[in-house]
Each structure stands twice: as C-alpha cells, then as structure tokens.
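Peer 1: Here it is, the structure, as structure tokens.
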Amino acid sequence: MSEAPGTEYLYVINYPTFERELALLEIRSLFGMHIEKKYFYSDRHIPPSRSVFIKACISILYRAGSLDDLVDLLVQNRVRYEQFKFVRFSVVGGGLGYREWLHSAAALGAVIQGEVDMYTAEHLLGVTCLEGQWVFGVYESCDSSWTAHDLKPHTYSNALSVRTARSLVNIAVGPSVDTSLVDPCCGIGTVVIEAASMGIDVKGYELNWSIADKANKNLIYFGFDRLVTKQDMHEITETFQAAILDLPYGIFTHSTPQKQQALIRSLRHIAVRCVIITFEDMDEIIEDAGFTIIDRATVNKGQFTRIIRLCE
Ligand SMILES: C[S@@+](CC[C@H](N)C(=O)[O-])C[C@H]1O[C@@H](n2cnc3c(N)ncnc32)[C@H](O)[C@@H]1O
C-alpha cells in the first residue's frame, strides 16, 4: 500500500489498428516511452485533449493493493471534495467491469467527505484496478472539440485527416506547446489549424494562391488569425523549432522526384526537428539532405501507405 504524491498520471489510450504505429509514435514523442498496452503511467502531464488517442488521464492521489486498503487510505487522509462524482472509463486489456466499478465508486464515495453531485459536479474522480493495483485520483477526460475541424468550409483532395494532422503536430513538437512550428507546404491548412488550436506558435506557407487563400478562410472560420502566407517554401528565411512537411506528390498535384528532393533539402534550413510525410521510401534522399531519421511510423488507409518520419 502506498500513498501517491499526486505527481504521477495514469493515461488510458485507444486507437484503431490502422493507426497503431501513429499512436505509438505520438506517445513516444509526448512521453519519451514506448508502450505496448493501452494504459501507462507517466510523471508528465499532457492535457488529454491534445491527442486523439488519449481517452482519459487520472492524476493519481492514492494507490493500494485492494479496494479495502484504498478505502482506508481515503478515510485516514480525510479526503474531501465538495460536489464530486465518479466518472466511469474503460481500459482495453484491464480495468473494472461495470458492476465492479459501481461497487468501488460507491465504497469510495461513501467515505469521501462532501456531496455527490451527478449533474454539476465540480470534481470528477476516477477509480480503476490494473494488474492488482487499485488507483484513485482526479479524472480528466478528453475534450473532442477538435472533431469540429472536420467540417472545414474549404476542403482539398490532398488534405490529411484531422486525426492524422493532430497526431503529427504532437509528434513534431513533443511535450511542450511552447514552441514554434511551420508547415511549409500547408495545403488547405489542416496541420496549421490543429497546431493553432493547441496554442502553438504556427505558420503555414503554400505556393498556390487559391489554396493559401482557402487555408486562411478555414483558419478564420474557426476563429484563428490568417496564419498562411502564399509563398514558395524555398524562399522561407525564418527558422522554426519544428516543421511538418507533407510532401507534394504526383497523385493529385504535379510534382517530380527532383522537386521533392529540393523541398526536403530546403526543409533542412528551416527547422531543427522535422516530421516528413511521403508515400514512397525516400529515406536515402532525406538522409542525404542532412537529416537523421530518429523515429518512424506508417499509416495504411485504403490503397495508400503514408510513411511518417521524425527527423533531426
Ligand atoms: C500534400 S499537399 C499538403 C496538404 C496539406 N497537408 C493539407 O492537409 O491540406 C502539398 C501542398 O504543397 C504545395 N506546394 C508544392 N510546392 C510548394 C512549394 N515549393 N512551396 C510551398 N508549397 C508548395 C502544393 O500546392 C500542395 O498544396
């Protein structure tokens, strides 16, 4: 039985099979650890809403080897919350079944000083049991307001999905949003919108005037500034801490291997930490441009496979 100081967090994640590699790359980038299970502990606090894969975060207050011991800990420590309620969350590969959860929430709720409030609770609490360890703490859910970004007024056949874009932003910037990010070939602005919604200092560049204009209209529609400049990425002189290059490819837009190589070379001068997305194996070209590929993932969707590389 041990009393947690409240600085450790339990994260619950989930992902569809086709996004597994992307999700695990994102977790490595945000938390600096590789995981296999769909839950993990970390002393880093990342707001769950940043990630499409984090379903819940429990700020751990107490842990114990049994429910009775956990109840005792709450009694001994005179745990008090005005207006609280327990929130149920499921954990793939562990956690509590509904009846067990109901029983645990009732047992803990009975010894917490304060009022249960099912409708306007100020304090959301969580309990679960993983591998014989009972965990109690403050529950933080994911706010999926970013899903509204799926409904952009201007769309584009080349665009990334909002889910992928959000994950790429997390992979590129890592744990802190206090950083600068550029999308030098930003298309309709999918990445720029996700980064802006996380409070990141982000800019986009787009060669095609009409697409750049539509990207800015999308940004304004969601309440952000015009963050996209109509400019060739080869002419960018500013430098950034991170970049996401969704390489123009020949399927929908006109591009050639020479042009793609030139864009990768230019990217090297723009940012330190770069995420490069291609449909083809371009590792040699990326390394020849002076990058070291430090991590990677592939995302298969339909007949397409996107290769995502994190480079420094
Ligand atoms: C794959 S699309 C990007 C799609 C984007 N990630 C989205 O979700 O909307 C690549 C974009 O790069 C633009 N582009 C091509 N060459 C460029 C250059 N030299 N500088 C800036 N943008 C460029 C193309 O016009 C195209 O819109």
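Peer 1: Every residue in segment 170-194 that is within 19 Å of residue 233 (Cα to Cα), part of a helix (DSSP H, G or I) and out of contact with any Cys (no Cβ under 7 Å at 6 or more places or on another chain), please.
Peer 2: 172, 190, 191, 193
Peer 1: Return the only residue of 310, 263 being crowded, with 16+ Cβ neighbours inside 10 Å and closer than 22 Å to residue 27 by Cβ.
Peer 2: 310
This table checks each residue for (1) free of Cβ contacts under 8 Å to residues at least 60 places away in the same chain; (2) among the acidic types (Asp, Glu); (3) farther than 26 Å from residue 293 by Cα.
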residue	(1), (2), (3)
181	no, no, no
184	no, no, no
200	yes, no, no
210	yes, no, yes
217	no, no, yes
229	yes, no, yes
245	no, no, no
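Yes/no per residue for (1) near the ligand (Cβ under 8 Å from one of its atoms); (2) not acidic (Asp, Glu):
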site	(1), (2)
179	no, yes
184	yes, yes
189	yes, yes
194	no, no
217	no, yes
228	no, yes
247	yes, yes
255	yes, yes
268	no, yes
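Peer 1: I'm trying to understand the selection: among the residues of segment 13-57, which are modelled with pLDDT of 95 or more, over 10 Å from the mean Cα position of the chain (by Cα) and either of a type in the set (Phe, Trp, Tyr) or outside the structural domain of residue 129 (by TED's automatic domain parsing) (or both)?
Peer 2: If the condition is that a residue be modelled with pLDDT of 95 or more, over 10 Å from the mean Cα position of the chain (by Cα) and either of a type in the set (Phe, Trp, Tyr) or outside the structural domain of residue 129 (by TED's automatic domain parsing) (or both), then 15, 31, 39, 40, 41 are the ones that fit.
Peer 1: So which residues in segment 230-241 are near the ligand (Cβ under 8 Å from one of its atoms) and under 27 Å from residue 178 (Cβ atoms)?
Peer 2: 231, 233
Peer 1: Check whether at least one residue in segment 141-157 is more than 16 Å from the ligand (Cβ to nearest atom) and in contact with a Cys (Cβ under 9 Å, 6 or more places away or on another chain), and report yes or no.
Peer 2: yes
Peer 1: Of the numbered conditions (1) among the hydrophobic types (A, V, I, L, M, F, W, C); (2) under 30 Å from residue 105 (Cα atoms); (3) assigned by TED's automatic domain parsing to the domain that holds residue 277, residue 135 satisfies every one except a single condition; which is it?
Peer 2: So residue 135 meets the others, but not (3).
The values are calculated or read from the model by the stated rules, or taken from the named source; none is laboratory data. Because the structure is predicted, anything quoted here is derived from the model rather than measured. FYI the Cβ positions are ideal-geometry reconstructions off the backbone, even for glycines, and counts take in every protein chain you see.
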